[in-house]
Every structure is written in structure tokens, then in C-alpha cells.
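A short worksheet on the structure shown next.
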Protein chains: 2
Amino acid sequence: MSKIADVAARAGVSKATASRALSGRGYVSEETRTRVADAARELAYVAHSSATSLATGRTQTVGVVMPPVDRWFFAELLAGIQDSLFALDYDLSLYGIPEGSDTRERLFESILPRRRFDGIIAVGIQPSAHELERLQRPGRPLVGVGPYSDGTSAVSIDDVAAARIATEHLIDLGHSDIAFVGGTTGAGPLSLGDELRIDGYLAALGTAGLADHARVAGSAPTLSAGYSAAVGLLADRRRRPTAVVAVCDEAAIGTIIAARRLGIAVPTELSVVGIDDHEHAELFALTTIRQSPRDQGHDAVRLLVERMDDPDLPETHLAAASALVVRSSTAAPR
Amino acid sequence: MSKIADVAARAGVSKATASRALSGRGYVSEETRTRVADAARELAYVAHSSATSLATGRTQTVGVVMPPVDRWFFAELLAGIQDSLFALDYDLSLYGIPEGSDTRERLFESILPRRRFDGIIAVGIQPSAHELERLQRPGRPLVGVGPYSDGTSAVSIDDVAAARIATEHLIDLGHSDIAFVGGTTGAGPLSLGDELRIDGYLAALGTAGLADHARVAGSAPTLSAGYSAAVGLLADRRRRPTAVVAVCDEAAIGTIIAARRLGIAVPTELSVVGIDDHEHAELFALTTIRQSPRDQGHDAVRLLVERMDDPDLPETHLAAASALVVRSSTAAPR
């Protein structure tokens with residue numbers, strides 16, 4: 001009998017209900033959720049003892065490979081992954097993405113292949129085909145978080161759609177001179193997610209017949225980088241756009257701070273829209289596309305646990321929900 | 001032969017040099033650092049094979065217990081711990097601090113005691129004596145990060161001194177009406193670190209004969225909470241202080257944003273000083289007390305590894321360096 005089936009049987013619910021309850025999403029009653037979590041813990045307790053572990057080959061450990069958590073998205077995602085693994089009594093073994101290519105090679109060639117995990121969650125690492133091959137192996141499923149997920153199950157938002165919706169919101173308000181803050185800076189490779197967001201921005205402009213107006217102010221997805229890029233973009237009054245789509249909320253908040261410093265009123269002289277719904281978005285009255293990295297963490301664990309349970313499940317890509325949240329950083333152009 | 005001695009012998013350096021090189025601090029040449037790191041990895045590779053692990057009882061895994069990493073301090077600290085453990089080829093098993101008391105009990109009573117680690121780093125958890133007893137055991141040293149470290153080795157800044165220096169900076173500039181933003185809000189227990197910072201603030205006021213001017217605007221150590229507390233503190237023009245000491249940079253930046261919204265010029269009408277030197281401190285021209293949580297992470301790993309190596313080493317408390325960084329959020333009162 002499979003693991004989720006075990007839990008379901010012990011809790012007296014269907015396999016589908018057990019799966020939903022364990023994923024941390026809100027489709028089951030609190031009472032059922034508690035019963036399922038208790039059943040999972042009781043079973044995990046048994047699985048955790050060394051003797052059982054040796055017998056079954058289970059380690060009750062999930063490897064998580066992710067970039068530094070000094071950005072909101074990664075910190076929230078990690079919290080979601082932690083919550084779900086804790087509820088299921090799995091240990092979380094955390095690996096950073098080293099910056100140098102030699103340490104990256106050490107991680108993929110030497111460390112991860114020889115560690116024993118029941119499964120791996122790989123976040124934002126854009127692995128090469130070769131690296132994927134080293135990560136994946138029979139009986140050790142891999143779930144990605146992010147758009148670069150050929151050959152694995154994965155969770156991500158639809159980056160193209162998110163940027164397209166953000167750009168269309170500005171077009172609907174009457175803007176035609178809309179710049180994009182984010183994407184390549186010459187400092188490093190463009191992340192695939194950022195590239196897809198630029199694609200969404202360009203697609204919306206193209207559909208509206210505004211393709212000639214496209215311009216991208218390169219910026220890393222951080223507040224400081226967004227600030228610097230925006231200062232460059234906004235300093236010349238004659239070439240100033242009336243609106244900005246930022247690659248993420250941190251870059252959008254950096255843009256708002258830059259506009260204030262330059263004496264440019266938001267939204268009357270400049271509209272700004274971000275992507276994330278960062279914890280500080282409300283404080284800056286930022287119009288944005290909301291995503292929930294915490295829920296993406298729950299979803300990644302659910303996909304992984306289902307595949308540890310049944311390795312023959314098909315590859316699944318979950319597109320996490322995202323929706324426009326209008327606050328007061330956007331308005332019609334003057 | 002002990003582990004650091006093994007590494008030192010293999011690298012052809014002294015034990016003290018090996019220890020410094022492994023801690024990631026800058027007192028050894030790059031060439032030596034590389035040689036020591038290579039030696040540590042070669043030895044760890046051997047230690048990592050299951051057969052050796054079973055024979056020695058070593059797991060090459062360090063348990064790290066810490067609050068959610070959605071704050072700059074914890075994200076940076078985790079990065080420092082990750083760097084050092086990666087260099088030494090230790091795995092990092094991450095545990096969050098659950099919010100509910102029942103899940104906290106599960107963590108301390110049931111999960112951590114039965115997992116096998118070579119050592120534990122406990123960050124900001126203010127464990128009870130009973131919890132400490134459950135965490136510590138022969139052959140599994142514990143290192144704390146934070147001020148609440150009776151009975152364990154630990155790394156922290158001197159919170160009292162940090163807040164005292166920040167307050168004295170304002171007194172030296174001529175301020176006498178200085179408020180503190182941070183500490184208890186009635187919403188939860190006051191963290192010991194925040195309490196010590198209030199002590200430092202009060203001590204500086206007392207020495208300057210300004211004890212009667214003390215007032216604390218309660219705030220969690222976050223940007224949003226600092227913003228809200230500052231709005232309450234600054235809204236009434238007649239009772240407005242001329243300067244604010246914030247419990248951390250996030251609360252200080254929230255205070256600066258609140259001042260701007262209220263039309264209060266920083267620093268001419270209000271001086272603001274923080275504690276941290278957060279990555280955004282420079283963008284907000286914030287005068288602050290600099291600490292390096294990343295270095296504290298390196299130091300915590302070094303203390304732990306030394307104690308895994310030699311359990312008889314005495315308890316050691318490292319006070320991490322902190323220094324006043326004057327930018328332009330502070331000035332003499334008008």
C-alpha cells in the first residue's frame with residue numbers, strides 16, 4: 001500500500017482528501033486536516049526509526065536546492081516548503097546555489113548525487129540537462145519551482161501572463177509610453193523567468209500596436225537595482241515614460257523611491273506596476289500582480305510527496321494563480 | 001587525532017590557522033584558505049560514506065533551528081551558516097520555529113531529540129531550560145546565536161552597547177527628546193534582544209540626565225510595524241520627539257517613510273538611527289550601528305565545529321563587532 005493511501009486509511013478519509021489536507025490548501029475541514037496530519041505523523045514516526053529506514057531505504061529527508069533567501073519570494077517559498085514538510089514529519093536538507101561555477105559543479109557532481117534523499121525540490125536553479133540527469137534518479141523524484149522545468153514536474157506562475165496583464169492594465173488606463181524595469185544588466189545571465197516577463201510585456205505592447213515604444217531598463221530583481229535603473233530611466237524629463245512595468249515588486253518599490261527623490265509624483269506623473277504582492281506592496285500603495293510563493297511551496301511538497309508515493313505519476317506543471325491587485329500607484333496619464 | 005587537527009595536518013598548517021581558514025574570516029591568505037578547504041573536503045568525503053558514518057557515528061549533518069528567514073538578519077545569518085557548512089562539506093538540516101506552543105513542543109520533545117546530528121545551531125529561539133536540556137546531549141554540541149545563551153556557547157552582538165551607542169550619538173548631536181521605536185507591542189512576548197536594546201537606550205538617557213524623557217513606541221522589528229508605530233509617535237506635532245532610536249534598521253526605515261508621509265523632514269526635523277546596517281540602509285541614508293549576521297553565521301559554525309572536535313572546550317560567548325556608521329538621517333536638532 002502506498003504512503004498516502006496508508007495515511008488516508010489511518011485517518012479514515014479518501015486518498016484525494018488526504019492529499020489535499022497534506023498540501024496545506026484550504027479545501028478540507030480543520031477537523032479532517034488535523035486527523036490526516038496526526039495520521040501522517042504517526043506513520044512517519046515509525047518510518048523514521050533507523051531500523052525501518054534501513055529496511056525501506058527511506059530517509060524521511062527531502063533535499064531543497066535554492067538561491068540565497070535574502071529575497072522575499074525565496075524566503076516565503078522556503079517557509080511554505082518548511083510548513084508542509086514539518087506537517088509530514090520530513091526533514092529538510094538545505095543547499096544553496098553557490099555562485100562560482102566550480103562550486104556549482106561540486107554541488108551537482110559530487111554532493112547531491114551521493115546524498116540520500118527521498119526527493120528533491122529545486123528552486124530557481126535553471127539546471128542544465130546534464131545537471132538534471134545528476135539530480136534525478138529512479139526512486140528519487142524531483143520537483144522544480146520556476147519556469148525552467150522541461151523534464152520535471154514543477155510549480156510556477158505563468159510569467160508571460162503576469163507581465164502581460166500588468167502591461168495591459170497600463171494600456172487600458174491610456175498609457176502608450178511604458179518602460180520595463182528588469183531583466184538583463186550585462187552583469188550576469190538573464191533568468192528565464194525575467195526573460196518570460198519581458199516577453200509578456202512585449203506581447204501586450206505588440207497587440208496594442210505599441211511595439212515601437214518598447215524599452216527595457218535592465219535591472220536585477222532587487223530594490224537597490226530597481227532604484228538605480230529607474231534613476232537612469234527617469235532622470236531625463238524629455239525621454240521620461242509615463243508608466244513602468246517592473247519585473248518584481250522590489251524593483252517596483254525601488255522605482256517609486258527613485259521617482260520620489262527626483263520629484264516625480266506617483267501616480268499622476270508616473271504609474272508603476274509590479275509583480276509579486278510583496279509584504280511591503282501595501283505600504284507603497286503598489287498596484288501589482290499577486291502571487292503566493294508560500295502556496296507554491298505547499299504545492300511543490302504535495303507534487304513531490306505524490307511522486308515519492310507513486311513514481312509512475314505523469315510529469316505535472318502547476319501554474320500558480322496570479323491576479324491583478326489595483327492600489328494607487330497607477331492612474332491614467334495626465 | 002581530532003578533526004581540525006586532521007585537516008591542519010593534511011593542509012600542512014597549524015590547528016589555529018586551519019580553524020581561522022575554516023571560519024571564513026579574513027586572517028589567512030587565499031592560498032592557505034583554499035588548501036585548508038580542500039583538505040577539509042577530502043577528509044569529509046571519506047567521513048560521508050555510509051560505512052564510515054556507521055562506524056564513527058558521525059552524520060556530517062548539522063541541525064539549524066531558526067525563525068522564518070523573511071527578515072534580513074535571519075536570511076544573512078543563514079547564508080553565513082550555509083557558506084561555512086558547505087565549505088566543510090556538512091549537510092544543513094533546517095527546522096523552523098513553529099508559532100503554536102503545541103508544535104513547538106513537538107519540535108523540542110519529539111523531533112529534535114530523535115534526529116541524529118553532529119551538532120545544533122539554535123538561532124533566536126530563547127529556549128527554556130527544559131528545552132535546552134532536550135537539545136543538548138553528550139557528543140552533540142549546541143551553539144546559540146542571540147543574547148539568550150546561558151548554558152551554551154553563543155554568538156551575538158552586545159545589544160545593550162549597540163542601542164547605547166546609537167542613543168549617545170543623538171545626545172552628542174544635542175538631542176534631548178529621543179524616543180525608542182521597538183520592543184513590546186502587547187501582541188507577543190518581548191524578545192530578549194529587543195529588551196536589551198531598550199536597556200541600552202535607557203542607560204544612555206540615564207547617564208545624560210535625560211531619564212525623564214524616555215518613551216518607547218512599541219513595534220515589532222519590521223518595516224511595516226515601524227511605520228505604524230512612527231505614525232502614532234509623530235502625528236501629534238506638540239508631542240513629537242526630535243530624534244528616534246529604532247530597534248533595527250527595518251523599523252528605522254519604516255520610521256523614515258512615516259516621517260516623509262507626514263511631511264516631516266529627515267534629518268532637519270527628525271533624526272533617525274537604526275541598528276543593523278541592512279542592505280537598504282544606504283538607500284535611505286540611514287545612520288546605524290553596523291553588524292554582520294553573515295559573519296555571525298561563520299562564527300557560529302566555527303564554534304560548533306571546534307566543539308564537535310573537542311567536547312571539553314569551555315563555553316564561549318563571542319560578542320560580534322558593531323560600529324556606528326554615520327550617514328545623513330541624523331543631524332543636530334534645529
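The values are calculated or read from the model by the stated rules, or taken from the named source; none is laboratory data. Keep in mind the model is a prediction, meaning the values are calculated, not measured. Neighbour counts are summed over all protein chains in view; Cβ atoms, including those assigned to glycine, are modelled from backbone coordinates with ideal geometry.
For the range A:141-161: of the residues being polar (S, T, N, Q) and part of a strand (DSSP E or B), which is surrounded by the most Cβ atoms within 10 Å (Cβ to Cβ)? Walk me through how you get there before you give the answer.
Filtering the range A:141-161 for residues polar (S, T, N, Q) gives A:149, A:152-153, A:156.
Filter once more, keeping what is part of a strand (DSSP E or B): A:153, A:156.
On the way: A:Ser153: 20, A:Ser156: 23.
Among residues in the range A:141-161 that are polar (S, T, N, Q) and part of a strand (DSSP E or B), the one surrounded by the most Cβ atoms within 10 Å (Cβ to Cβ) is A:Ser156.
For every residue, the table says whether it meets (1) on the phi > 0 side of the Ramachandran plot; (2) touching a Ser or Thr at 6+ places or on another chain (Cβ under 9 Å); (3) at pLDDT below 95; (4) within 14 Å of chain B (Cβ to nearest Cβ).
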| residue | (1), (2), (3), (4) |
| --- | --- |
| A:Ala243 | no, yes, no, no |
| A:Asp249 | no, yes, no, yes |
| A:Ala265 | no, no, no, yes |
| A:Asp276 | yes, yes, no, yes |
| A:Ile289 | no, yes, no, no |
| A:Gly297 | no, yes, no, yes |
| A:Ala300 | no, yes, no, no |
| A:Leu304 | no, yes, no, no |
| A:Asp310 | no, yes, yes, no |
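Would it be correct to say that B:Arg134 is more than 20 Å from the chain's Cα centre (by Cα) and either more than 27 Å from A:Met66 (Cα to Cα) or away from chain A (no Cβ under 14 Å) (or both)? Spell out the reasoning first.
Details: more than 20 Å from the chain's Cα centre (by Cα): yes; either more than 27 Å from A:Met66 (Cα to Cα) or away from chain A (no Cβ under 14 Å) (or both): yes.
When the stated conditions are applied, B:Arg134 passes them.
Residue-level analysis places A:Gln126 among those that are away from chain B (no Cβ under 14 Å), more than 23 Å from B:Asp89 (Cβ to Cβ) and touching a residue at least 24 places away in the same chain (Cβ under 8 Å). Of the residues making up the range B:152-179, those that are in contact with a Gly (Cβ under 9 Å, 6 or more places away or on another chain) and more than 16 Å from B:Gly206 (Cβ to Cβ) are B:Thr152, B:Ser153, B:Ala154, B:Val155, B:Ser156, B:Ile157, B:Asp158, B:Asp159, B:Ala162.
Please specify each residue of the range A:234-263 satisfying the condition of being acidic (Asp, Glu) and over 22 Å from the mean Cα position of the chain (by Cα).
Of the range A:234-263, the ones acidic (Asp, Glu) are A:236, A:249-250.
Passing the criteria: only A:Asp236.
Among all positions in the range A:6-19, there is at least one residue which is modelled with pLDDT of 80 or more, surrounded by fewer than 18 Cβ atoms within 10 Å (Cβ to Cβ), among the small types (Gly, Ala, Ser) and in a loop (DSSP other than H, G, I, E, B). Taking the criterion of being surrounded by 24 or more Cβ atoms within 10 Å (Cβ to Cβ) and either among the small types (Gly, Ala, Ser) or under 14 Å from B:Thr288 (Cα atoms) (or both), the residues of the range B:260-273 that qualify are B:Ser271, B:Val272, B:Val273. Screening A:Gln136 on (1) over 22 Å from A:Pro293 (Cβ atoms); (2) polar (S, T, N, Q); (3) in contact with a Phe, Trp or Tyr (Cβ under 9 Å, 6 or more places away or on another chain) shows it passes everything except condition (3). Has the range B:62-71 got at least one residue that is surrounded by 21 or more Cβ atoms within 10 Å (Cβ to Cβ), part of a helix (DSSP H, G or I) and not assigned by TED's automatic domain parsing to the domain that holds B:Thr222? Taking every residue of the range B:62-71 in turn, none turns out to be surrounded by 21 or more Cβ atoms within 10 Å (Cβ to Cβ), part of a helix (DSSP H, G or I) and not assigned by TED's automatic domain parsing to the domain that holds B:Thr222. Among the residues making up the range A:317-334, those that are touching a Ser or Thr at 6+ places or on another chain (Cβ under 8 Å), among the polar types (S, T, N, Q) and surrounded by 15 or more Cβ atoms within 10 Å (Cβ to Cβ) are A:Ser329, A:Thr330. In this structure, does B:Val244 turn out to be outside any helix (DSSP H, G or I), in contact with a helix residue (DSSP H, G or I) (Cβ under 7 Å, 6 or more places away or on another chain) and touching a residue at least 12 places away in the same chain (Cβ under 8 Å)? Judged against the criteria, B:Val244 is a match.
Being surrounded by fewer than 19 Cβ atoms within 10 Å (Cβ to Cβ), modelled with pLDDT of 95 or more and more than 20 Å from the chain's Cα centre (by Cα) narrows it down to one residue among A:Ala204, A:Ala229, A:Ala214; which is it? Working first, answer last.
Details: A:Ala204 fails: surrounded by fewer than 19 Cβ atoms within 10 Å (Cβ to Cβ); A:Ala229 fails: surrounded by fewer than 19 Cβ atoms within 10 Å (Cβ to Cβ).
Going through A:Ala204, A:Ala229, A:Ala214 in turn, the sole match is A:Ala214.
Here B:Ala319 meets each of (1) small (Gly, Ala, Ser); (2) under 14 Å from the mean Cα position of the chain (by Cα); (3) modelled with pLDDT of 95 or more with one exception, condition (3).
Each row is one residue, and each column tells you yes or no for (1) without any contact (Cβ under 8 Å) to a residue 40 or more places away in the chain; (2) of a type in the set (S, T, N, Q); (3) not assigned by TED's automatic domain parsing to the domain that holds B:Gly183.
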position: B:Ala235; (1), (2), (3): yes, no, no
position: B:Leu262; (1), (2), (3): yes, no, no
position: B:Pro267; (1), (2), (3): no, no, no
position: B:Asp277; (1), (2), (3): no, no, no
position: B:Phe284; (1), (2), (3): no, no, no
position: B:Ala300; (1), (2), (3): no, no, yes
position: B:Leu303; (1), (2), (3): no, no, yes
position: B:Thr316; (1), (2), (3): no, yes, yes
position: B:Ala332; (1), (2), (3): no, no, yes
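Name the single residue, out of those in the range A:20-38 being touching an Asp or Glu at 6+ places or on another chain (Cβ under 8 Å) and either hydrophobic (A, V, I, L, M, F, W, C) or outside any helix (DSSP H, G or I) (or both), that is modelled with the lowest pLDDT. Filtering first and then ranking leaves A:Arg25. Inside the range B:75-111, residues that are closer than 23 Å to B:Arg20 by Cα, facing chain A (nearest Cβ under 7 Å) and in a helix (DSSP H, G or I) make up a count of 5. Across the range A:143-175, the number of residues qualifying as free of Cβ contacts under 8 Å to residues at least 24 places away in the same chain and either among the aliphatic types (A, V, I, L, M) or assigned by TED's automatic domain parsing to the domain that holds A:Thr242 (or both) comes to 1.
Evaluated against (1) assigned to a loop (DSSP other than H, G, I, E, B); (2) touching a Cys at 6+ places or on another chain (Cβ under 7 Å), B:Gly209 falls short on exactly one condition, (2).
In this structure, A:Ala258 does not satisfy being assigned to a helix (DSSP H, G or I) and either touching a residue at least 40 places away in the same chain (Cβ under 8 Å) or closer than 15 Å to A:His175 by Cβ (or both). In summary, B:Asp312 fulfils each of the numbered conditions (1) of a type outside the set (Gly, Ala, Ser); (2) in a helix (DSSP H, G or I); (3) not assigned by TED's automatic domain parsing to the domain that holds B:Tyr201 with the single exception of condition (2).
Annotation: of all residues in the range A:48-70 being touching an Asp or Glu at 6+ places or on another chain (Cβ under 8 Å) and within 8 Å of chain B (Cβ to nearest Cβ), the one that is modelled with the lowest pLDDT is A:His48. Residue count for the range B:312-324, restricted to those that are hydrophobic (A, V, I, L, M, F, W, C) and either within 14 Å of chain A (Cβ to nearest Cβ) or under 24 Å from B:Leu88 (Cα atoms) (or both): 4.
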